[in-house]
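The values are calculated or read from the model by the stated rules, or taken from the named source; none is laboratory data. Computed from a predicted structure; not experimentally measured. Every residue, glycine among them, receives a Cβ derived from its backbone with ideal geometry; neighbour counts consider all protein chains shown.
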Amino acid sequence: MTRQESLRSVWRIITMARKETLQIVRDPSSILIAFVLPLLLLFMFGFGISLDANTVRIGVVVEDARPDARSLAQSFQASRYFDVTLAFDRRAVEEELVAGRLRGIVVIPSDFTERLRRQNPSAVQIITDGSQPNTAQFVANYARGVYAVWQDKYLRDEGRNPPPSIESQPRFWFNAELTSRYNLVPGSTAVVMTIIGTLLTALVIAREWERGTMEAVLATPISRIELLLSKIAPYFALGMGSLILCAVAAVFIFGVPFRGSVFALGVVAAAFLLPALGQGLLISAVTKNQFVASQLALFTGFLPATLLSGFVFEISSMPELIRVITMFIPARYFVTSLQTLFLAGDTWILLLPAIRNMVAVGVLFLTLTYFATPKRID
Amino acid sequence: MWRRIYSLIIKELLAIWRDPKGRMTLIIPPILQLVIFAFAMTMEVKNADIAVVNLDNGYWGSEIEAQITAAAPFDDVYRLESVGQIRETIDAQRAIAVVHIGQDFSRQIGAGEPANIQIILDGRKSNSAQIVNGYLTNTIARVSTQAYGGPIVEPLRVRNWFNPNLEYNWFTVPGLIATITLLTTIIVTALSVARERELGTFDQLLVSPMRPLEIVVGKAAPGMIFGYIHGSFFIFMAAVIFKIPFSGSLLLLYASMFFYLLAVIGIGLFISAISATQQQAILGAFVFASPAILLSGFMSPVENMPNWMQTLTLINPLRHFLVIAQGIYLKGLPALEVARNTAPLILIAAVTLPAAAWLFRKKST
Amino acid sequence: MQNDPFICIDNVTKRFEPDAPPALDAINGEIATGHITGLVGPDGAGKTTLIRLMTGLSRPDEGRVLINGKDATRSHKDLHRMIGYMPQKFGLYEDLTVQENLGIYANLKGLPAADRQAAFDELLEFTDLAQFTGRLAGALSGGMKQKLGLACALLKRPRLLLLDEPSVGVDPISRRELWRMVQALVDETMAVVWSTAYLDEAEHCDHVLLLSEGRLLFAGPPADLTRRVDGRVFLAKPPASKRRAILSRLLSENLARDAIIHGDAIRILTKDETSMVGVTPPPAIVEVTGVLEPVPSRFEDAFVDVLGGGPQGRSLLADAMTIHADDGKPAVEARGLTKRYGDFTAASDISFSIKRGEIFGLLGPNGAGKSTTFKMLCGLLTPSEGEGRVAGFDLRTATADARGRLGYMAQKFALYGELSVAQNLAFFAGVYGLGKKRAQHRIETMLDVFELTQYRKVSAKTLPLGFKQRLALAAALLHEPDVLFLDEPTSGVDPITRREFWSHINALTAQNVAVLVTTHFMEEAEYCDRINLIYRGQTIAEGTPDELRNAIRRPEVEAPTMEDAFIELVRRSDTQEAA
């Protein structure tokens, strides 16, 4: 290639990239997908989804009116994890449990005080709403904690030393308070960038086919590589823009700490956009139709990024087959990297393999796209 | 009038079914959802990787190790040689938790002194870390009672009603009946008018003797029919494949599903009435469906949301029907409670359906 | 060099589906520089496919296309450096401005920066778009889009200019302007390929390739084809009341090769054997029609001849419809219909009335206000002022059953493509509330009348274009309406199909059905009894086709066409406005 030719080539890429940018800015549906939808999702994940069972509504049935039983009931009331409805008859709260207005019941039976004296403490009964397994586990665990603290204090007050035991001392690194928002908000950034990289890219290019502009462009001296590069550049920039938006919102609105470096964040995001854009380009090259492209992008991009990336549901708990599938979902690596960057820091020992995997999937998608991008119309 | 509606319904069904794209939207998403949702959506912890640093040479240290290895949710238990390896193990997510047993652990127990074990957990996965911590703490507590010769009694008797072993499937699968019908119905109805607009046949319908109300009924029926078909398919799968117990009234479930579908159809037709193309309709359906699913109580409990958002979820049909579906399946939800949760659905339908009918004419240009 | 054609189409065949007939079937042809080559044929003839082969964007299954001696599919890069291609819909980015569109194509084609401004200035002036550079392409009128598309294709002066249906959806004035522009450009260094479904455009080309259903019917100067039917074309001018009856006799008794309504007259193409007599009309025809006046032949006459003549026999539709009583009241009435959107008036004070048994045309370019008027009459739009009545009802407020009096055939034959022919008909029968027995009977009748029986179970979308149109008409007539609305009923179809269609419509008028036709297509206007010419939301003329033509007759325009009339009337309206 002569110098002049390569100059022209670069100029063609810049031209198409600029055009793409102008179109995004002027098309309301692009704005909807690029800016409104991401914010909506970010807010839903930030505010709407919370796995911190910090105020579970439970009922405490006190069938024993003596002081020890009352003191235990008060301990439950004082706990910040529970929102307690006191009752003296089981039946009233049981109905509430069925209706789903309570998630658990603590029953302090009428012979509580006797059993306590006889050191046969398994008198207290915890009933959980098993139809919500996650909440049920928290109810059981928190109730155990409340009881253990109460028992300790009771024994001391009685002047008895509690029997020696092995004490577990859990330390939750990176997120001592276990605030679920701290890992959901960074994780949702991956979903947002998938929407822009895959859904928007697929739609916009499919639209060029539908409107016949692709045909006119293909009849000019532009080459396939130039065409692909000119499509990648603006969406890459847009994806990076949304990353900044999400990161700023995460730190300043949702109060998520950021312990990594901006540099590492940029590198990781760039590595992720490669497969995300590749997937979008591939979809549009194959379908050439906005309707099919949007469905494919939702089912192969958005859904996996939300459900199979490990940001809400643990990948290691999934069946073998799905675990294998997740290896090809770039969002999986991105979610882990983001959570690490926000909460832990520049842990390159984790980031580097993640980057490698994302780039690998990206190269795979882009190669497929190159061959799927037609030089011809039929 | 009924003949006109009947013709429209037959036509709608044929138009969806004879179109390969239409068939695809009806068959593929439910299967994908069955696979992804039912198997992948779990908050349980299985196959978690754990690491142990055991600096104790005595009996109790290895007993702890053995008990952890035997515990159900743990896949691999790595042995680390030194405390220095802990950071790397957690950082690189080789293990979600590291159990650190100190040097004179067994000696302390032998001497009847209290001993302690440090558990370092990866807070980046807050939910799993918490559950793993629960398992580890219980295991350690068991060893503790053995070690100090106390009676082996749980201080509390825990009973999980409705789902004794806390099977996560029992939660997801009934919920799926609600979400799957939402997605099917919203897509079928959202596309119905938009498709005709794009093809130019909608004007033809409007100049025919059909009244807007008749069009609404005709357009609503396919969503209702496919919603029931998909719903029934999942009810069947729930019984046969997932073996979810069914403790309530099937009749009540089907009856309340009618109003649920009606509410969703109202929203779908509303989306359809305001979209000019099928692509807009799909995006509209998506913009409605994703918050509806995320903020329904399916992904995380409604009561964990801020108050203003809890109020907002009242207009989400899925939120109400989720309570009904899960309630009827596992809790045998009584009729009064079903009715209480059905009322808002009727209200949503009563607003959205007439609004859609009005928009059909309004938006025709 | 002079003898070597610029483009050589060498035995080209192209198929899209293995079982269907090929889109192009062993086409041979040559295209030379220095003039406009028309690629002529109805929709589905293979015009677009052939143009795409010339761009190298599509590859033939057999044969090859040589451009300047090189295979189009091989020398991709070189080819794209020298062509200017305007696809259907003009290939413009509608959300970008005029200037931005030009800029994109200039860069893509590698126009040197130094030449850019000069090229832009020249093209903008040439296309008269200089004052609109900041406007979004999507906000331009059809004619302006077309010019901009042309300007983009002309950047860096191509050696081969490919224009795919540049005149679709464009008003006649812009069409002529475009034609003049392209003609001004052509010289010995440039070849122009212009595809069109309009046969009157074909007449102006220097050279045409006439395609029909993938086959090449004729290649050469259009006059060569037209000359074949010289001396066989006549006009008969029977009284208006008898015109349609005479036409159907000519066809049903198989007297002429082709006969159509042409304004106030019947245009007749005689059979081959009579042609040797020269300009003497065959007595068998004269007996039916009275005096025949010889007229110059046209490309369309020749095309119909090549296709084997117009449809013979009579429409069975006449027997299939009950005769509606004529109560003497107008069937359709528009009184001062006006529609405003904010500052913009889409239709202003439009009034007309249609008698029973009359075919009435609303004629005007796209965006003139035809559809707005049409929709107000149907009850799809609420008028800002005025009112419309159909069969005595205001459809905006009338009961649903009143709407059953109207038959409606939407543009582009809007049918349910996924449904079979029988299912489509069953649906419309149901929607119009036909009882089960009657529905069955009517569906069978319609299948019979429109010869659709063999396609009964075929999905509507896979029907050939002509049959789609028949099905659409059948669906609109199932319930025997007394008023029929047709929206651009025959644009893009071949002349034979168009004749068939109008023979059905003619049959309807005998049953006192009133027909309203909207069209931007001049040839369609000739079939109407009366025409209302709409331009910029206003009626600028009303009358019979001949009255409109006569209104502009001057010594220098001896035999004005409908298009001439249209252009002249619009010009007069413009000058009036300016005054």
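At a glance:
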item	result
Neighbours by Cβ (under 7 Å, 6+ apart or cross-chain): first from the range C:301-320, among the β-branched types (Val, Ile, Thr); second surrounded by 16 or more Cβ atoms within 10 Å (Cβ to Cβ) and modelled with pLDDT of 80 or more	C:VAL304/C:ASP258; C:VAL304/C:LEU269; C:VAL304/C:PRO495; C:VAL304/C:ILE496; C:VAL306/C:LEU217; C:VAL306/C:PHE218
Residue check, A:GLY239 crowded, with 24+ Cβ neighbours inside 10 Å, under 30 Å from the mean Cα position of the chain (by Cα) and free of Cβ contacts under 8 Å to residues at least 60 places away in the same chain	yes
Residue in the range B:25-41 that is within 14 Å of chain C (Cβ to nearest Cβ) and either touching a Leu at 6+ places or on another chain (Cβ under 8 Å) or closer than 22 Å to B:ILE187 by Cα (or both) present	yes
Members of the range A:293-318 that are part of a helix (DSSP H, G or I) and facing chain B (nearest Cβ under 7 Å)	A:SER294, A:GLN295, A:LEU298, A:PHE299, A:LEU303, A:LEU307, A:SER316, A:SER317
Positions within the range C:302-329 being charged (D, E, K, R) and out of contact with any helix residue (DSSP H, G or I) (no Cβ under 7 Å at 6 or more places or on another chain), in sequence order	C:ASP305, C:ASP319, C:ASP326, C:ASP327, C:LYS329
Enumeration of residues in the range C:358-378 that are in a loop (DSSP other than H, G, I, E, B) and crowded, with 19+ Cβ neighbours inside 10 Å	C:GLU358, C:GLY364, C:PRO365, C:ALA368, C:GLY369
Sole residue being part of a loop (DSSP other than H, G, I, E, B), surrounded by 21 or more Cβ atoms within 10 Å (Cβ to Cβ) and hydrophobic (A, V, I, L, M, F, W, C), chosen from C:VAL229, C:VAL304	C:VAL229
Matching residues, the range A:55-91, being assigned to a helix (DSSP H, G or I), more than 14 Å from A:TRP150 (Cβ to Cβ) and touching a residue at least 12 places away in the same chain (Cβ under 8 Å)	A:ARG90
Counted residues, the range B:145-171 - those being crowded, with 23+ Cβ neighbours inside 10 Å and modelled with pLDDT under 90	1
Search result, residues across the range C:398-425 that are more than 7 Å from every other protein chain (Cβ to nearest Cβ) and free of Cβ contacts under 8 Å to residues at least 24 places away in the same chain	C:ALA398, C:THR399, C:ALA402
Helices (runs of 4 or more DSSP H) contained entirely in the range B:184-297, each with at least 2 residues that are within 14 Å of chain C (Cβ to nearest Cβ), in contact (Cβ under 8 Å) with a residue 60 or more places away in the chain and buried (at least 20 other Cβ atoms within 10 Å of the Cβ)	B:202-207, B:212-240
Pick from the range C:379-394, criterion buried (at least 22 other Cβ atoms within 10 Å of the Cβ) and either within 20 Å of the chain's Cα centre (by Cα) or not β-branched (Val, Ile, Thr) (or both), ranking: farthest from C:VAL570 (Cα to Cα)	C:ALA391
Leading residue by the ranking (modelled with the lowest pLDDT) among those in the range C:142-176 that are touching a Pro at 6+ places or on another chain (Cβ under 6 Å) and in a loop (DSSP other than H, G, I, E, B)	C:ASP171
Subset of the range C:39-57 [within 8 Å of chain A (Cβ to nearest Cβ) and either free of Cβ contacts under 8 Å to residues at least 12 places away in the same chain or surrounded by fewer than 24 Cβ atoms within 10 Å (Cβ to Cβ) (or both)]	C:ARG52, C:LEU57
Matching entry among A:PHE43, A:PHE138 (being in a helix (DSSP H, G or I), free of Cβ contacts under 8 Å to residues at least 60 places away in the same chain and facing chain B (nearest Cβ under 10 Å))	A:PHE43
Pair list, Cβ < 8 Å and 6+ apart or interchain, from the range A:276-298 residues that are under 18 Å from A:LEU218 (Cβ atoms) to residues that are at pLDDT below 85 and not in a helix (DSSP H, G or I)	A:LEU281/A:THR373; A:ALA285/A:THR373; A:ALA285/A:PRO374
Near pairs, Cβ below 6 angstrom, 6+ apart or cross-chain, from the range C:498-521 (closer than 15 Å to C:GLY466 by Cβ) to any residue that is of a type in the set (Gly, Ala, Ser)	C:ARG499/C:GLY310; C:SER503/C:SER315; C:HIS504/C:SER315
Single match in A:LEU238, A:LEU277, A:LEU273, A:LEU227 (criterion: under 30 Å from C:SER75 (Cα atoms) and in the same structural domain as A:ASN357 (by TED's automatic domain parsing))	A:LEU227
Qualifying positions in the range C:59-91 - over 20 Å from C:LEU150 (Cβ atoms), within 7 Å of another protein chain (Cβ to nearest Cβ) and outside any helix (DSSP H, G or I)	C:ARG59
One residue from C:ASP19, C:ASP25 being among the charged types (D, E, K, R) and free of Cβ contacts under 8 Å to residues at least 24 places away in the same chain	C:ASP19
Those residues of the range B:298-317 which are farther than 17 Å from B:LEU347 by Cα, part of a helix (DSSP H, G or I) and free of Cβ contacts under 8 Å to residues at least 12 places away in the same chain, in sequence order	B:GLU303, B:ASN304, B:ASN307, B:TRP308, B:GLN310
Total residues in the range C:183-196, condition surrounded by fewer than 22 Cβ atoms within 10 Å (Cβ to Cβ) and of a type outside the set (D, E, K, R)	6
